[in-house]
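The structure under discussion appears below in the form of C-alpha coordinates.
The values are calculated or read from the model by the stated rules, or taken from the named source; none is laboratory data. Source: prediction; values computed, not measured. A quick note on method: Cβ atoms are made from the backbone with ideal geometry, for glycine too, and the neighbour counts reach across all protein chains shown.
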Amino acid sequence: MLLGVNIDHVATLRNARGGVEPNIIKAAEISEQNGATSITTHLREDRRHIKDEDVRTLITTIKTKLNLEMAMADDIQKIALEIKPHSICLVPEKRQEITTEGGLDVAGQREKVKTFIKPLLDAGIIVSLFIDPTEEQVIASSKTGAQFIEMHTGTYSETYGTNKEEQEFQNLKSAAILAQKLGLKVNAGHGLNYKNVHRMHEIPDLYELNIGHSIISKAVFTGLADAVKEMANLIK
Ligand code: PXP
(Lines give C-alpha, C1' and ligand atoms only; values in the text may rest on other atoms or scores of the structure.)
Protein backbone atom coordinates (compact mmCIF):
# COMPACT_ATOMS: atom_id res chain seq x y z
CA MET A 1 0.00 0.00 0.00
CA LEU A 2 1.10 3.52 -0.75
CA LEU A 3 0.81 6.51 1.56
CA GLY A 4 -0.72 9.82 0.55
CA VAL A 5 -0.08 12.43 3.23
CA ASN A 6 -2.77 15.07 3.60
CA ILE A 7 -1.09 18.35 4.60
CA ASP A 8 -4.25 20.46 4.99
CA HIS A 9 -3.76 20.89 8.72
CA VAL A 10 -0.31 22.35 8.28
CA ALA A 11 -2.15 25.10 6.41
CA THR A 12 -4.77 25.27 9.20
CA LEU A 13 -1.99 26.08 11.65
CA ARG A 14 -0.39 28.56 9.26
CA ASN A 15 -3.69 30.36 8.72
CA ALA A 16 -4.16 30.77 12.48
CA ARG A 17 -1.60 33.58 12.25
CA GLY A 18 -2.03 34.50 8.62
CA GLY A 19 1.67 34.27 7.74
CA VAL A 20 3.67 31.59 5.96
CA GLU A 21 4.71 29.38 8.90
CA PRO A 22 4.53 26.43 9.08
CA ASN A 23 5.37 26.28 5.40
CA ILE A 24 3.30 23.77 3.48
CA ILE A 25 5.86 23.41 0.68
CA LYS A 26 8.38 22.28 3.29
CA ALA A 27 5.74 19.94 4.80
CA ALA A 28 5.22 18.31 1.40
CA GLU A 29 8.98 17.97 0.90
CA ILE A 30 9.57 16.37 4.33
CA SER A 31 6.61 14.01 3.76
CA GLU A 32 8.01 12.92 0.41
CA GLN A 33 11.49 12.39 1.85
CA ASN A 34 10.07 10.12 4.55
CA GLY A 35 7.77 7.79 2.67
CA ALA A 36 4.82 9.71 1.20
CA THR A 37 4.11 8.58 -2.35
CA SER A 38 1.69 11.43 -2.90
CA ILE A 39 0.62 14.68 -1.30
CA THR A 40 -3.07 15.30 -0.79
CA THR A 41 -4.73 18.67 -0.27
CA HIS A 42 -8.38 19.66 -0.16
CA LEU A 43 -9.11 22.99 -1.82
CA ARG A 44 -12.34 23.68 0.03
CA GLU A 45 -14.92 26.08 -1.30
CA ASP A 46 -14.41 28.28 1.78
CA ARG A 47 -10.58 28.03 1.44
CA ARG A 48 -10.34 27.46 5.19
CA HIS A 49 -6.91 25.83 4.97
CA ILE A 50 -5.43 25.30 1.50
CA LYS A 51 -5.55 28.39 -0.74
CA ASP A 52 -5.43 28.69 -4.52
CA GLU A 53 -1.81 29.85 -4.49
CA ASP A 54 -0.86 26.79 -2.39
CA VAL A 55 -1.96 24.32 -5.03
CA ARG A 56 -0.41 26.43 -7.78
CA THR A 57 2.94 26.33 -5.94
CA LEU A 58 2.69 22.70 -4.82
CA ILE A 59 2.16 21.48 -8.37
CA THR A 60 5.55 22.94 -9.30
CA THR A 61 7.45 21.75 -6.21
CA ILE A 62 6.08 18.28 -5.45
CA LYS A 63 8.33 15.45 -6.62
CA THR A 64 5.77 12.66 -6.24
CA LYS A 65 2.09 13.24 -7.15
CA LEU A 66 -0.45 15.87 -6.19
CA ASN A 67 -3.87 14.48 -5.30
CA LEU A 68 -6.41 17.29 -5.16
CA GLU A 69 -9.57 16.72 -3.13
CA MET A 70 -12.42 18.84 -4.41
CA ALA A 71 -16.17 19.25 -4.41
CA MET A 72 -18.32 19.37 -7.54
CA ALA A 73 -17.82 23.12 -7.94
CA ASP A 74 -17.18 24.79 -11.28
CA ASP A 75 -14.55 27.24 -10.01
CA ILE A 76 -12.49 24.44 -8.43
CA GLN A 77 -12.86 22.32 -11.57
CA LYS A 78 -11.41 25.27 -13.50
CA ILE A 79 -8.37 25.39 -11.20
CA ALA A 80 -7.91 21.60 -11.51
CA LEU A 81 -7.97 21.86 -15.30
CA GLU A 82 -5.44 24.68 -15.14
CA ILE A 83 -2.90 23.06 -12.78
CA LYS A 84 -3.54 19.43 -13.84
CA PRO A 85 -2.83 17.46 -10.65
CA HIS A 86 -1.96 13.78 -11.03
CA SER A 87 -5.38 12.92 -9.60
CA ILE A 88 -8.45 14.47 -8.09
CA CYS A 89 -10.70 12.95 -5.47
CA LEU A 90 -14.28 14.13 -5.64
CA VAL A 91 -15.75 14.69 -2.17
CA PRO A 92 -19.03 16.05 -0.84
CA GLU A 93 -18.72 19.37 0.93
CA LYS A 94 -20.86 21.22 3.41
CA ARG A 95 -19.70 24.62 4.59
CA GLN A 96 -20.40 24.12 8.30
CA GLU A 97 -18.79 20.69 8.63
CA ILE A 98 -15.57 20.30 10.60
CA THR A 99 -14.27 17.74 8.11
CA THR A 100 -15.73 15.73 5.22
CA GLU A 101 -18.78 13.97 6.64
CA GLY A 102 -19.84 10.87 4.75
CA GLY A 103 -19.09 9.92 1.20
CA LEU A 104 -20.27 11.42 -2.06
CA ASP A 105 -23.73 10.21 -3.05
CA VAL A 106 -22.76 8.94 -6.49
CA ALA A 107 -25.82 6.66 -6.74
CA GLY A 108 -28.16 9.61 -6.26
CA GLN A 109 -26.51 11.81 -8.89
CA ARG A 110 -24.67 9.50 -11.25
CA GLU A 111 -25.22 11.50 -14.44
CA LYS A 112 -24.18 14.73 -12.73
CA VAL A 113 -20.96 13.11 -11.48
CA LYS A 114 -20.27 11.61 -14.91
CA THR A 115 -20.71 14.96 -16.63
CA PHE A 116 -18.62 16.80 -14.03
CA ILE A 117 -15.63 14.44 -14.22
CA LYS A 118 -15.56 14.11 -18.02
CA PRO A 119 -13.43 17.22 -18.71
CA LEU A 120 -11.03 16.15 -15.95
CA LEU A 121 -10.66 12.66 -17.44
CA ASP A 122 -10.27 14.15 -20.91
CA ALA A 123 -7.41 16.28 -19.55
CA GLY A 124 -5.63 13.10 -18.41
CA ILE A 125 -6.32 13.61 -14.69
CA ILE A 126 -7.04 10.42 -12.75
CA VAL A 127 -10.41 10.61 -11.01
CA SER A 128 -11.31 9.01 -7.70
CA LEU A 129 -14.72 9.15 -6.00
CA PHE A 130 -14.84 9.34 -2.20
CA ILE A 131 -17.73 7.07 -1.25
CA ASP A 132 -19.19 5.17 1.66
CA PRO A 133 -18.43 1.44 1.38
CA THR A 134 -21.82 0.27 0.13
CA GLU A 135 -22.72 -1.90 -2.84
CA GLU A 136 -25.00 0.79 -4.25
CA GLN A 137 -22.28 3.47 -4.25
CA VAL A 138 -19.63 1.14 -5.64
CA ILE A 139 -21.83 -0.01 -8.54
CA ALA A 140 -22.82 3.57 -9.36
CA SER A 141 -19.17 4.67 -9.23
CA SER A 142 -18.18 1.95 -11.69
CA LYS A 143 -20.55 3.49 -14.24
CA THR A 144 -19.11 7.02 -14.20
CA GLY A 145 -15.76 6.61 -15.95
CA ALA A 146 -13.77 7.23 -12.75
CA GLN A 147 -10.76 4.91 -12.40
CA PHE A 148 -10.65 4.87 -8.58
CA ILE A 149 -12.85 4.96 -5.54
CA GLU A 150 -11.62 6.08 -2.15
CA MET A 151 -13.53 4.28 0.58
CA HIS A 152 -14.55 6.46 3.51
CA THR A 153 -12.99 4.79 6.55
CA GLY A 154 -14.49 7.25 9.05
CA THR A 155 -17.09 4.89 10.50
CA TYR A 156 -14.58 2.04 10.74
CA SER A 157 -12.18 4.40 12.54
CA GLU A 158 -14.84 5.67 14.94
CA THR A 159 -15.98 2.16 15.84
CA TYR A 160 -12.49 0.67 16.05
CA GLY A 161 -12.13 -1.29 19.29
CA THR A 162 -15.90 -1.52 19.83
CA ASN A 163 -18.35 -4.31 19.03
CA LYS A 164 -19.30 -2.46 15.83
CA GLU A 165 -15.79 -2.55 14.37
CA GLU A 166 -16.07 -5.95 12.69
CA GLN A 167 -19.21 -5.04 10.73
CA GLU A 168 -17.71 -1.74 9.58
CA PHE A 169 -14.50 -3.48 8.59
CA GLN A 170 -16.41 -6.14 6.63
CA ASN A 171 -18.29 -3.37 4.80
CA LEU A 172 -14.96 -1.95 3.66
CA LYS A 173 -13.62 -5.34 2.61
CA SER A 174 -16.74 -6.31 0.62
CA ALA A 175 -16.89 -2.90 -1.06
CA ALA A 176 -13.24 -3.13 -2.08
CA ILE A 177 -13.64 -6.64 -3.52
CA LEU A 178 -16.75 -5.62 -5.47
CA ALA A 179 -15.09 -2.46 -6.78
CA GLN A 180 -12.07 -4.41 -8.00
CA LYS A 181 -14.36 -6.94 -9.72
CA LEU A 182 -15.99 -4.01 -11.52
CA GLY A 183 -12.60 -2.73 -12.69
CA LEU A 184 -12.01 0.05 -10.17
CA LYS A 185 -8.82 0.61 -8.19
CA VAL A 186 -9.37 1.22 -4.52
CA ASN A 187 -7.94 3.77 -2.08
CA ALA A 188 -9.11 4.43 1.47
CA GLY A 189 -8.95 7.20 4.01
CA HIS A 190 -10.43 9.34 6.76
CA GLY A 191 -9.84 8.89 10.45
CA LEU A 192 -7.06 6.34 9.97
CA ASN A 193 -4.41 6.48 12.69
CA TYR A 194 -1.41 4.59 14.06
CA LYS A 195 -3.64 2.15 15.98
CA ASN A 196 -6.41 1.33 13.52
CA VAL A 197 -4.53 1.38 10.20
CA HIS A 198 -3.19 -2.20 10.51
CA ARG A 199 -6.50 -3.78 9.43
CA MET A 200 -6.18 -2.17 6.00
CA HIS A 201 -3.66 -4.95 5.28
CA GLU A 202 -6.55 -7.45 5.48
CA ILE A 203 -8.25 -5.82 2.49
CA PRO A 204 -6.85 -7.23 -0.74
CA ASP A 205 -5.05 -4.93 -3.17
CA LEU A 206 -5.74 -1.58 -1.54
CA TYR A 207 -3.72 0.90 -3.57
CA GLU A 208 -3.20 3.99 -1.43
CA LEU A 209 -4.25 5.32 1.97
CA ASN A 210 -4.76 9.06 2.40
CA ILE A 211 -3.99 10.09 5.94
CA GLY A 212 -3.81 13.58 7.42
CA HIS A 213 -4.98 14.43 10.91
CA SER A 214 -3.25 11.64 12.83
CA ILE A 215 0.09 12.27 11.10
CA ILE A 216 0.04 16.04 11.58
CA SER A 217 -1.07 15.57 15.21
CA LYS A 218 1.81 13.23 15.93
CA ALA A 219 4.18 15.58 14.14
CA VAL A 220 3.52 18.24 16.79
CA PHE A 221 5.37 16.02 19.26
CA THR A 222 7.80 14.00 17.12
CA GLY A 223 8.40 16.16 14.09
CA LEU A 224 6.88 15.50 10.68
CA ALA A 225 9.71 13.32 9.40
CA ASP A 226 9.29 10.72 12.16
CA ALA A 227 5.48 10.89 12.03
CA VAL A 228 5.43 10.15 8.29
CA LYS A 229 8.16 7.52 8.56
CA GLU A 230 6.26 5.63 11.27
CA MET A 231 3.02 5.61 9.27
CA ALA A 232 4.84 4.61 6.07
CA ASN A 233 6.37 1.66 7.96
CA LEU A 234 2.99 0.57 9.28
CA ILE A 235 1.38 0.42 5.85
CA LYS A 236 4.12 -0.81 3.54
N1 PXP B 1 -9.54 11.27 2.30
C2 PXP B 1 -10.47 12.23 2.09
C3 PXP B 1 -11.30 12.14 0.84
C4 PXP B 1 -10.66 13.30 2.99
O5 PXP B 1 -11.60 14.23 2.77
C6 PXP B 1 -9.81 13.37 4.12
C7 PXP B 1 -9.93 14.54 5.06
O8 PXP B 1 -9.58 15.71 4.39
C9 PXP B 1 -8.83 12.37 4.29
C10 PXP B 1 -8.74 11.32 3.39
C11 PXP B 1 -7.90 12.38 5.45
O12 PXP B 1 -8.61 12.23 6.63
P13 PXP B 1 -7.86 12.37 8.03
O14 PXP B 1 -7.40 13.79 8.12
O15 PXP B 1 -8.91 12.03 9.02
O16 PXP B 1 -6.72 11.41 8.02
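Count of segment 30-53 residues, restricted to those that are farther than 19 Å from T222 by Cβ, within 14 Å of the ligand (Cβ to nearest atom) and either over 18 Å from the mean Cα position of the chain (by Cα) or in contact (Cβ under 8 Å) with a residue 40 or more places away in the chain (or both), is 8. Filtering segment 60-81 to residues that are surrounded by 16 or more Cβ atoms within 10 Å (Cβ to Cβ) and in a helix (DSSP H, G or I) leaves I76, Q77, I79, A80. Residues in segment 181-193 that are in contact (Cβ under 8 Å) with a residue 12 or more places away in the chain, surrounded by fewer than 18 Cβ atoms within 10 Å (Cβ to Cβ) and either within 11 Å of the ligand (Cβ to nearest atom) or part of a helix (DSSP H, G or I) (or both): N193 only.
Within segment 157-180, the set of residues being closer than 18 Å to I211 by Cα and either more than 16 Å from the ligand (Cβ to nearest atom) or at pLDDT below 95 (or both) comprises just one member, F169. The listed residues are G154, G102, and the only one of them that is surrounded by 14 or more Cβ atoms within 10 Å (Cβ to Cβ), at pLDDT below 95, within 16 Å of the ligand (Cβ to nearest atom) and more than 18 Å from S38 (Cα to Cα) turns out to be G102. Going through segment 2-29 one residue at a time, which ones are surrounded by fewer than 20 Cβ atoms within 10 Å (Cβ to Cβ), of a type in the set (A, V, I, L, M, F, W, C), more than 14 Å from the ligand (Cβ to nearest atom) and under 18 Å from I215 (Cα atoms)? Across segment 2-29, the qualifying residue is only I25.
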